[in-house]
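Peer 1: My structure is below; once you've seen it, I'll send some questions.
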Amino acid sequence: MEAAPVVGIDVSKKKLDVALLINGKTKSKVVENCAAGFKALLEWLSKSKAELADLHVCMEATGVYYEPVALALHDAGIKVSVVNPGCIKGFGHSENIRNKNDATDAGLIARYCLAMSPSAWKPAPLEQRQLRAWTVRLQSLKEMRQQEENRLEAHAITGMDAVALHVQEHVSWLDGEIKKLEGEIDDHIDRHPGLKHDAELIGSIPGIGRLTVARVLGHIGDVRRFESAKAFAAFLGVTPKQRTSGTSIRGRTMISRAGSSAIRAALYMPSMVARRYNPILAQFAERLRANGMANKAVIGAVMHKLTHLIYGVINTNQPFDPKFLSKGLAIQDGI
């Protein structure tokens, strides 16, 4: 039986290195990472001996650069998979790959696709992608404001009053833009019933504010696509990662950090707030602290539980219930 034709694409900012693996032979192509390049890629694939509907295209999740070509191929009716770069790297180690360049990486991705047959990628709805872009922009403005605040303090200490006044004017302008953008985000969520409904459910959890809700929905989208709360937590990289082997290796257990660092950063402060004011998580954190767990580890564990609560309210379609523990359904450690 002949193997199904697969395509590996190594994505960079300006170009796409493509490897078509068909009948045991590899054909290569380089196109620009733009609309014209996507059209040229589809024309090249159409001239191959494989039907477009039979192709399986695989690429790494490389920032934002993979998304346009993945959308173009998906819209053309081609099966697309977007995989964690760590999976490709590990597969390369298994093949004892020594060289690394764009063409070699494209071939490696194609062989990974053939061997592992990763699941199909489903593009996020437009309203979710727009929300993600707005939240990223808002976070950038807040980081910019913090940088200017630091500069303002430095100029004030050194007596540079004129420069400090100029910086203060910029801070005031940033305050206005941040407030305006927060309103835009709220309006965007309100205009889309699905986002609004999920935002109300997640926002019912004590410790999670509306901006955290927007970042979660923008980066993750529909939480229901995950089979379980464990799978959701693993996707975010907040599950415990053990490092023990035999009698000699006794590393410290920590969160895996395998998922989106942006989401983990967004959940860090809410986890600290929830540790104090969320009735379920406050009791959970106190039990861990009493058992001698370090403070930072407690926050990591609370973050893990917080993801379970997010999954719970979405999956059950019910808002947060502060009497959950009194009903005899206490959250078990390690879930």
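Peer 1: I'm told T104 meets every condition in (1) over 20 Å from K25 (Cα atoms); (2) open to solvent by less than 70 Å² (accessible area, probe 1.4 Å); (3) of a type in the set (S, T, Y); (4) more than 25 Å from the chain's Cα centre (by Cα) except one. Can you identify the failing condition by its number?
Peer 2: (1)
Peer 1: Here are the criteria: (1) modelled with pLDDT under 90; (2) touching a helix residue (DSSP H, G or I) at 6+ places or on another chain (Cβ under 8 Å); (3) under 28 Å from A282 (Cβ atoms). Tell me which single one T212 does not satisfy.
Peer 2: (1) is the only condition that T212 fails.
Peer 1: What residue, among those in the range 1-11 that are small (G, A, S) and surrounded by 14 or more Cβ atoms within 10 Å (Cβ to Cβ), is farthest from C58 (Cα to Cα)?
Peer 2: To start, the set of residues in the range 1-11 that are small (G, A, S) comprises 3-4, 8.
Subset that is surrounded by 14 or more Cβ atoms within 10 Å (Cβ to Cβ): 4, 8.
Numbers: A4: 13, G8: 5 Å.
Only one residue fits best here, namely A4.
Peer 1: Pull up the range 20-40, narrow it to residues that are touching a residue at least 60 places away in the same chain (Cβ under 8 Å) and buried (at least 19 other Cβ atoms within 10 Å of the Cβ), then point me to the one that is farthest from G63 (Cα to Cα).
Peer 2: L21
Peer 1: A231 versus (1) more than 17 Å from the chain's Cα centre (by Cα); (2) farther than 21 Å from P322 by Cβ: which is the lone unmet condition?
Peer 2: Checking A231 against (1) more than 17 Å from the chain's Cα centre (by Cα); (2) farther than 21 Å from P322 by Cβ, the one that fails is (1).
Peer 1: Next question. Identify the residue in the range 183-209 that is assigned to a helix (DSSP H, G or I) and under 17 Å from M303 (Cα atoms) and, among all such residues, is most open to solvent (accessible area, probe 1.4 Å). Spell out how you get there, then give the answer.
Peer 2: Step one: filter the range 183-209 for residues assigned to a helix (DSSP H, G or I), giving 183-191, 193-203.
Next, only the ones that are under 17 Å from M303 (Cα atoms) stay: 202-203.
Working: I202: 1, G203: 37 Å².
Across the range 183-209, the extreme among qualifying residues is G203.
Peer 1: Name the residue that is modelled with the lowest pLDDT, counting only residues in the range 251-290 that are under 23 Å from K142 (Cβ atoms) and open to solvent by less than 20 Å² (accessible area, probe 1.4 Å).
Peer 2: I263
Peer 1: May I ask you to say which residue of D54, D17 is touching an Asp or Glu at 6+ places or on another chain (Cβ under 6 Å) and in contact (Cβ under 8 Å) with a residue 40 or more places away in the chain? Show your work before the answer.
Peer 2: Details: D54 fails: touching an Asp or Glu at 6+ places or on another chain (Cβ under 6 Å).
Answer to the check: D17.
Peer 1: Quick one: in the range 41-93, of everything that is modelled with pLDDT under 90 and β-branched (V, I, T), which residue is surrounded by the most Cβ atoms within 10 Å (Cβ to Cβ)?
Peer 2: T62
Peer 1: Now for a different question. Considering every residue within the range 148-169, establish whether at least one is touching a residue at least 12 places away in the same chain (Cβ under 8 Å), within 30 Å of R224 (Cβ to Cβ), assigned to a helix (DSSP H, G or I) and open to solvent by less than 70 Å² (accessible area, probe 1.4 Å).
Peer 2: Here is the first cut: in the range 148-169, the ones touching a residue at least 12 places away in the same chain (Cβ under 8 Å) are 148-149, 151-152, 155, 164, 167-168.
Still in the list and also within 30 Å of R224 (Cβ to Cβ): none.
There is no residue in the range 148-169 that is touching a residue at least 12 places away in the same chain (Cβ under 8 Å), within 30 Å of R224 (Cβ to Cβ), assigned to a helix (DSSP H, G or I) and open to solvent by less than 70 Å² (accessible area, probe 1.4 Å).
The values are calculated or read from the model by the stated rules, or taken from the named source; none is laboratory data. Computed from a predicted model, the values in this text were never measured in an experiment. Heads up, the Cβs are rebuilt from the backbone with ideal geometry, glycines too, and the neighbour counts pull from every protein chain shown. Remember, those area values only see protein heavy atoms, side chains included, never the ligands or the DNA or RNA. Shrake-Rupley method; radii C 1.70, N 1.55, O 1.52, S 1.80 Å.
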